[in-house]
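The block underneath contains the structure these notes are about, expressed in structure tokens.
Computed from the coordinates by the stated procedures, all read-outs in this text should not be read as laboratory data. None of the values given here were measured: they were computed from a predicted structure. Ideal geometry is used to build each Cβ from the backbone, glycine not excepted, and the neighbour counts take in all protein chains shown.
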Amino acid sequence: QVQLVESGGGLAQSGGSLRLSCAASGRTLSSYTMGWFRQAPGKEREFVAAIRWSGGSTYCADSVKGRFTISRDYAKNTVYLGMNSLKPEDTAVYYCAAGPSWRPTTSADYAYWGQGTQVTVSS
């Protein structure tokens, strides 16, 4: 079992920055993929970014490339999503997820999910 707890969400102005954290516990993540997804009101959940715990390969959605950065801290067992140049359309609940395979955009491949953290970007 893996437990995931997100933090760092809140209110930001357009053009501003936030950093989300996802603290993981429960088992080793060495073979896992860690991902961030988001869901805006009335919309489907969508992939944002992912990182392989071992090796650090990353993959980001086109909509956030150049603005968002995913990273991990081994010592803290934590994954981060740095978000810069925020836009109102980034407003959503952001979810952290963990899964054993490297198909980063496929939500069904993620076995564990956090509760989500709200990000609101005002124009």
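Rounded to the nearest 20 debye, the dipole magnitude of the chain is 200 debye, with +1 charges on Lys and Arg beta carbons, -1 on Asp and Glu beta carbons, and the Cα centre as origin. Among all the lysines, which ones have a C-alpha under 25 Å from Lys43's C-alpha, if same-chain residues fewer than 8 places away are not counted? Excluding near neighbours in sequence, the set is Lys65, Lys87.
Projecting the Cα atoms of Asn77, Gly66, Leu11 onto the charge dipole of the chain, computed from C-beta unit charges around the Cα centre, puts Asn77 farthest toward the positive end.
Legend: calculated FRET efficiency, Ala75 to Gln13, from the Cβ-Cβ distance at R0 = 25 Å, rounded to 0.05, equals 0.15. Site pair Ser63 and Glu89 shows an inter-label distance of 0.7 nm when each label is modelled 7 Å from Cα along Cα→Cβ.
Taking 0.36 nm per intervening residue step and subtracting the Cα-Cα distance, what contour gain separates Gln39 from Ala108 on full extension? Let's see the in-between values first.
Values: separation 69, 0.36 × 69 = 24.84 nm, distance 1.50 nm.
Difference between extended and current length: 23.3 nm.
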